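S.K.: Below is the structure I would like to discuss, written out as structure tokens.
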Amino acid sequence: MLFALAFYFNFLIGGISGVFLSDVPADTTEHGSFFVMAHFHYTIMGGLIFAFMAGIYYWLPKMLGIKLNEKLGKIHFWTMFIFFNTTFLPLFALGMAGMPRRVFEYARNLQTLNDWVSISAFCLGGSILIFVINLVMSTLFWRERETGNPWRARSLEWQLTSPPPAVNFERIPVVLSGPYEYGVPGAPPVADLDPPPGVVAAAYAAAPGHQEAEARS
């Protein structure tokens, strides 16, 4: 959830900064500068990579039946989130100060910010190393087993054991409630995973989509 929330924060900055690059007067000075680099990385790394990390932490228990270490996961998140922003947020200022892309010589007054960005980038790389250590240690050595539903999720795939059996459901499950009742007191179970065949047929026949299809035919 931390990585998912960070995705919204980072992608918002990437999206707002893209508005400036779509404006001709502003883009005249910002095009080809570090401003573009900041916008690109907030959109791609701040959006895509943070969402990718969220997916790994969320789906690994379902795929392997092993949960990553939560303490190392939080350390990984906060170091990655902080150093990502201290790396790429200053690039907006550098771009507006006239720092061009793809050069190795630049104005001396931009040296301090460039040094700051370089140091932060190495620290950002270190945060990825924490994730690699967590992944290797959790899957090969610690192996904290998680055969159930660690997130108390209400989507259908998490109602099976983790990893899921080869045949998944013995019969077509009958869904009893929606996926958005997380934390609702007294919410019914998600589904009957092994209903009698007659119940499955009755539920299918009563489904609105099936009735509409029958009416069209």
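The values are calculated or read from the model by the stated rules, or taken from the named source; none is laboratory data. Owing to the predicted nature of the structure, the values given are computational and were not obtained by experimental measurement. Note that each Cβ is placed from the backbone with ideal geometry, even for glycine, and that neighbours are counted across all protein chains shown.
S.K.: Could you tell me how many of the residues in segment 87-134 are at positive phi and either touching a Pro at 6+ places or on another chain (Cβ under 9 Å) or touching a residue at least 60 places away in the same chain (Cβ under 8 Å) (or both)?
M.R.: Within segment 87-134, the first condition is being at positive phi, and the residues that meet it are 98, 102.
Still in the running and either touching a Pro at 6+ places or on another chain (Cβ under 9 Å) or touching a residue at least 60 places away in the same chain (Cβ under 8 Å) (or both): 98.
So the answer is 1.
S.K.: Could I ask something else about it? Does segment 156-180 hold any residues that are of a type in the set (Ser, Thr, Tyr) and either closer than 11 Å to residue 193 by Cβ or surrounded by 13 or more Cβ atoms within 10 Å (Cβ to Cβ) (or both), and which are they?
M.R.: Hits for segment 156-180 are 161, 162, 177.
S.K.: In addition: Just to be sure, is residue 152 outside any helix (DSSP H, G or I), under 17 Å from residue 41 (Cα atoms) and either free of Cβ contacts under 8 Å to residues at least 40 places away in the same chain or outside the structural domain of residue 39 (by TED's automatic domain parsing) (or both)?
M.R.: Against the criterion (outside any helix (DSSP H, G or I), under 17 Å from residue 41 (Cα atoms) and either free of Cβ contacts under 8 Å to residues at least 40 places away in the same chain or outside the structural domain of residue 39 (by TED's automatic domain parsing) (or both)), residue 152 does not qualify.
S.K.: Does at least one position in segment 68-85 carry a residue that is of a type outside the set (A, V, I, L, M), over 15 Å from the mean Cα position of the chain (by Cα) and surrounded by fewer than 16 Cβ atoms within 10 Å (Cβ to Cβ)?
M.R.: Scanning segment 68-85, I find at least one residue that is of a type outside the set (A, V, I, L, M), over 15 Å from the mean Cα position of the chain (by Cα) and surrounded by fewer than 16 Cβ atoms within 10 Å (Cβ to Cβ), so the answer is yes.
S.K.: If residue 200 meets every condition in (1) at pLDDT 85 or above; (2) surrounded by 12 or more Cβ atoms within 10 Å (Cβ to Cβ) apart from one, which number is that one?
M.R.: (1)
S.K.: Same structure, new question: Does residue 61 fit the bill of being part of a helix (DSSP H, G or I) and touching a strand residue (DSSP E or B) at 6+ places or on another chain (Cβ under 9 Å)?
M.R.: Details: part of a helix (DSSP H, G or I): yes; touching a strand residue (DSSP E or B) at 6+ places or on another chain (Cβ under 9 Å): yes.
Criteria met by residue 61.
S.K.: Turning to a different aspect of this structure: Could you run through segment 93-140 and say how many residues are in contact with a strand residue (DSSP E or B) (Cβ under 7 Å, 6 or more places away or on another chain) and either of a type in the set (Asp, Glu) or not in a loop (DSSP other than H, G, I, E, B) (or both)?
M.R.: 4
Table: residues versus (1) among the basic types (Lys, Arg); (2) in contact with a helix residue (DSSP H, G or I) (Cβ under 7 Å, 6 or more places away or on another chain).
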residue	(1), (2)
108	yes, no
116	no, yes
125	no, no
131	no, yes
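S.K.: Which ones in segment 57-77 are of a type outside the set (Lys, Arg), without any contact (Cβ under 8 Å) to a residue 40 or more places away in the chain and within 14 Å of residue 2 (Cβ to Cβ)?
M.R.: Within segment 57-77, 70 is the sole residue that qualifies.
S.K.: Whether any residue in segment 67-78 is in contact with a Leu (Cβ under 9 Å, 6 or more places away or on another chain), in a loop (DSSP other than H, G, I, E, B), closer than 26 Å to residue 9 by Cα and assigned by TED's automatic domain parsing to the domain that holds residue 41 is what I want to check.
M.R.: Yes: segment 67-78 contains one or more residues that are in contact with a Leu (Cβ under 9 Å, 6 or more places away or on another chain), in a loop (DSSP other than H, G, I, E, B), closer than 26 Å to residue 9 by Cα and assigned by TED's automatic domain parsing to the domain that holds residue 41.
S.K.: Same structure again: Among the numbered conditions (1) within 20 Å of the chain's Cα centre (by Cα); (2) surrounded by fewer than 17 Cβ atoms within 10 Å (Cβ to Cβ); (3) at pLDDT 95 or above, tell me where residue 48 comes up short.
M.R.: Only one criterion in (1) within 20 Å of the chain's Cα centre (by Cα); (2) surrounded by fewer than 17 Cβ atoms within 10 Å (Cβ to Cβ); (3) at pLDDT 95 or above is unmet by residue 48, namely (3).
S.K.: Another question about this same structure. Name the residue that is modelled with the highest pLDDT, counting only residues in segment 101-127 that are over 30 Å from residue 76 (Cβ atoms) and surrounded by 15 or more Cβ atoms within 10 Å (Cβ to Cβ). Give the steps one after another, and end with the answer.
M.R.: Step one: list which residues in segment 101-127 are over 30 Å from residue 76 (Cβ atoms), which gives 102-111.
Filter once more, keeping what is surrounded by 15 or more Cβ atoms within 10 Å (Cβ to Cβ): 106, 110.
Numbers: 106: 83, 110: 92.
In this case the residue turns out to be 110.
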